[in-house]
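Visitor: Just passing along the structure, written as structure tokens.
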């Protein structure tokens with residue numbers, strides 16, 4: 001126990017010394033970074049699991065301005081409980097959504113309280129394709145057979161960006177940012193549902209949002 005406490009104290013002291021030291025970020029005109037993003041973790045709702053992340057690259061036009069390109073992947077699946085009544089049996093349904101998107105951003109960096117911290121603001125454009133698969137819950141003997149549906153769509157968005165980057169080392173940093181949807185257009189395709197040999201097409205409605213809610217995310221940057 002004493003050994004564990006000693007190790008813990010030593011780690012804390014080392015961390016304090018490291019973070020007290022000044023770090024000069026390896027950022028200048030022509031610098032590049034690989035960006036590994038994690039966004040929306042734990043925000044998929046009840047009975048849902050998923051992955052939300054992305055890979056990107058930044059190119060610095062100067063030490064205070066950069067363009068960023070990214071590829072975003074979001075996969076979410078959830079269970080639809082059958083909830084059978086007395087004397088009935090049920091099979092749970094499911095729904096899964098897969099999103100593949102690309103984006104481009106322009107970022108402007110500012111001076112922070114220390115050289116380790118670089119706040120930034122910017123604007124970006126995003127385009128994504130969405131596929132949706134659903135399978136309704138089945139309750140027997142009240143309902144026989146299962147209903148399956150498939151759909152797709154596209155999403156276009158313009159967003160404002162605000163965040164801050166913290167440098168652990170000159171070539172390694174972590175950032176957290178929030179995006180505010182300035183304009184968002186969602187255009188889903190028709191939903192086709194099948195049960196046995198019967199198919200039903202349901203018209204889906206497009207939607208446009210001005211100044212909608214955004215999303216938060218965290219990113220690991222590796223500079224080279």
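Visitor: Scan 104, 26, 82 and give me the residue that is at pLDDT 80 or above and either over 24 Å from residue 121 (Cα atoms) or surrounded by 15 or more Cβ atoms within 10 Å (Cβ to Cβ) (or both). Before you say what the answer is, go through the steps one by one.
Guide: Values: 104 fails: either over 24 Å from residue 121 (Cα atoms) or surrounded by 15 or more Cβ atoms within 10 Å (Cβ to Cβ) (or both); 82 fails: at pLDDT 80 or above.
Sole residue among the options that is at pLDDT 80 or above and either over 24 Å from residue 121 (Cα atoms) or surrounded by 15 or more Cβ atoms within 10 Å (Cβ to Cβ) (or both): 26.
Visitor: Being in contact with a strand residue (DSSP E or B) (Cβ under 7 Å, 6 or more places away or on another chain), modelled with pLDDT under 90 and surrounded by 15 or more Cβ atoms within 10 Å (Cβ to Cβ) is the requirement here; does residue 117 meet it? If you could, list the steps in order and put the result at the bottom.
Guide: On the way: in contact with a strand residue (DSSP E or B) (Cβ under 7 Å, 6 or more places away or on another chain): yes; modelled with pLDDT under 90: no; surrounded by 15 or more Cβ atoms within 10 Å (Cβ to Cβ): yes.
No; evaluated as a whole, the condition is false for this residue.
Visitor: For residues that are under 21 Å from residue 215 (Cα atoms) and over 25 Å from the mean Cα position of the chain (by Cα), tally how many sit in region 24-39.
Guide: Residues flagged as under 21 Å from residue 215 (Cα atoms) and over 25 Å from the mean Cα position of the chain (by Cα) within region 24-39 amount to 0.
The rows are residues; the columns are (1) closer than 26 Å to residue 32 by Cβ; (2) loosely packed, with under 15 Cβ neighbours inside 10 Å; (3) modelled with pLDDT under 90.
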{"residue": "144", "(1), (2), (3)": "no, yes, yes"}
{"residue": "161", "(1), (2), (3)": "yes, no, no"}
{"residue": "164", "(1), (2), (3)": "yes, no, no"}
{"residue": "169", "(1), (2), (3)": "yes, yes, no"}
{"residue": "176", "(1), (2), (3)": "yes, yes, no"}
{"residue": "201", "(1), (2), (3)": "no, yes, yes"}
{"residue": "220", "(1), (2), (3)": "yes, no, no"}
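Visitor: Regarding region 110-131, can at least one residue be identified that is more than 30 Å from residue 22 (Cβ to Cβ), in contact (Cβ under 8 Å) with a residue 12 or more places away in the chain and not in a strand (DSSP E or B)?
Guide: Narrowing region 110-131 to residues more than 30 Å from residue 22 (Cβ to Cβ): 123-131.
Keeping just the survivors that are in contact (Cβ under 8 Å) with a residue 12 or more places away in the chain gives 123-131.
Keeping just the survivors that are not in a strand (DSSP E or B) gives none.
No, region 110-131 has no match at all.
Visitor: Output the residues belonging to region 35-73 that are at pLDDT 85 or above and farther than 18 Å from residue 101 by Cβ.
Guide: Result: 59, 60, 61, 62, 63, 64, 65, 66.
The values are calculated or read from the model by the stated rules, or taken from the named source; none is laboratory data. As the structure is a prediction and not an experimental result, all values here were calculated from the model. Neighbour counts are summed over all protein chains in view; Cβ atoms, including those assigned to glycine, are modelled from backbone coordinates with ideal geometry.
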